[in-house]
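The values are calculated or read from the model by the stated rules, or taken from the named source; none is laboratory data. These numbers come from a predicted model, not from an experiment. No Cβ is skipped: glycine too gets one built from the backbone with ideal geometry, and neighbour counts run over all protein chains shown. The protein model used for the area step is the full one, side chains on, heavy atoms only, and it has no ligands, DNA or RNA in it. Shrake-Rupley method; radii C 1.70, N 1.55, O 1.52, S 1.80 Å.
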Amino acid sequence: MTSNVRRAAGTQTFSDVLLRWLWIKRPTSAGDLDLFANDVTLKVTCFLRPLGQAGARSRLGTLYLTRGKPVTWQGRGQEALTLLPPLTLTASAAKAGHWKLIALDLAGPSGSFNVRVPKMDVPLVRHAFDAQTS
């Protein structure tokens, strides 16, 4: 039985790094878009911080992207936050904090957030958010 949930290409674990050192192929952004089109749920590790709240901190969590379903974010030991459409994703003035991440501002009916995702996963995240509006 195969799972219908996969990690996105930019979301790497320690074993993924070892595989890369052994020259074993890793998933690609284009492959993620194909999986998304085939109704596979993709997990993207990200940091999420509410905007407009003094003292709010970024929290590590996972975005769950499934075609035809709302995007959800869940941190460890926290309730899932459903990000209702329409969602707009724009470049952020905030620093990403790491060279492999990019900071984006996310706005929607569920609130406004600063989100930091792996650069490799940005096309997938944008595509998933755009798919919700259509």
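For this structure, a couple of remarks:
- Members of the range 102-134 found to be without any contact (Cβ under 8 Å) to a residue 60 or more places away in the chain and either in contact with a helix residue (DSSP H, G or I) (Cβ under 7 Å, 6 or more places away or on another chain) or of a type in the set (D, E, K, R) (or both), listed by number: Ile102, Asp105, Arg126, Asp130
- Residue satisfying all of: in the range 97-112; part of a loop (DSSP other than H, G, I, E, B) and of a type outside the set (Lys, Arg); surrounded by the fewest Cβ atoms within 10 Å (Cβ to Cβ) among these: Trp99
- Criterion violated by Gly10 - all others in (1) surrounded by 12 or more Cβ atoms within 10 Å (Cβ to Cβ); (2) at pLDDT below 85; (3) among the small types (Gly, Ala, Ser); (4) in contact with a Gly (Cβ under 9 Å, 6 or more places away or on another chain) satisfied: (4)
- Any hit, the range 74-96, residues being of a type outside the set (Asp, Glu), open to solvent by 30 Å² or more (accessible area, probe 1.4 Å), in a strand (DSSP E or B) and within 14 Å of Val44 (Cα to Cα): yes
- When each of Leu48, Leu83, Leu63, Leu87 is tested for being at pLDDT below 90, under 21 Å from Gln132 (Cβ atoms), within 15 Å of the chain's Cα centre (by Cα) and not aromatic (Phe, Trp, Tyr), the lone residue that passes is Leu87.
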